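Chemist: One structure, pasted below without further comment.
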Amino acid sequence: MKEFALIFRLKDISDFKPSPEQIQERLNWLGSIAAQNKLVDKGNTLLPAPGTAKTVRPDNIVTDGPYTEIKEFISGYIIVQAESIDEAVEMAKGNPIFKIGGNIEIREILKIN
């Protein structure tokens, strides 16, 4: 089986604080993946607030977060295992992030042994 990162993106920082119902819906979605033994890492939430991220560029130039450079921000990620990227896409389709205008990027993880 291959591993895939599901990277969650939101357009609006106001969508970052989910309601209790939205949290439960996400937990149910995660639980369904875990029940299939396909959840490798439950991931983490990445804070979008000022002062919580920095970008380091060549010549040691450091800027605050990616906030001014992107129209969407990464709100978190999980790692799943699947036979193919198409299977990982099918898992992603059930996430409730789409109800609030978010999207999910799916990336295969290169395993170096």
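The values are calculated or read from the model by the stated rules, or taken from the named source; none is laboratory data. Model, not experiment: these values are computed from the prediction. Virtual Cβ from ideal backbone geometry, glycine too; neighbours counted across all protein chains shown.
Chemist: Just give me the residues in region 62-79 being at pLDDT 85 or above and over 12 Å from the mean Cα position of the chain (by Cα), in sequence order.
Modeler: none
Chemist: Which residues, taken from region 95-108, are surrounded by 13 or more Cβ atoms within 10 Å (Cβ to Cβ) and of a type outside the set (Lys, Arg)?
Modeler: Across region 95-108, the qualifying residues are Asn95, Pro96, Ile97, Ile100, Gly102, Asn103, Ile104, Glu105, Ile106, Glu108.
Chemist: For region 39-52, give me each residue that is touching a residue at least 12 places away in the same chain (Cβ under 8 Å), within 16 Å of the chain's Cα centre (by Cα) and in a loop (DSSP other than H, G, I, E, B).
Modeler: If the condition is that a residue be touching a residue at least 12 places away in the same chain (Cβ under 8 Å), within 16 Å of the chain's Cα centre (by Cα) and in a loop (DSSP other than H, G, I, E, B), then Leu46, Pro48 are the ones that fit.
Chemist: List the number of the failed condition for Ala82; all other conditions in (1) buried (at least 16 other Cβ atoms within 10 Å of the Cβ); (2) of a type in the set (Gly, Ala, Ser); (3) modelled with pLDDT under 95 hold.
Modeler: (3)
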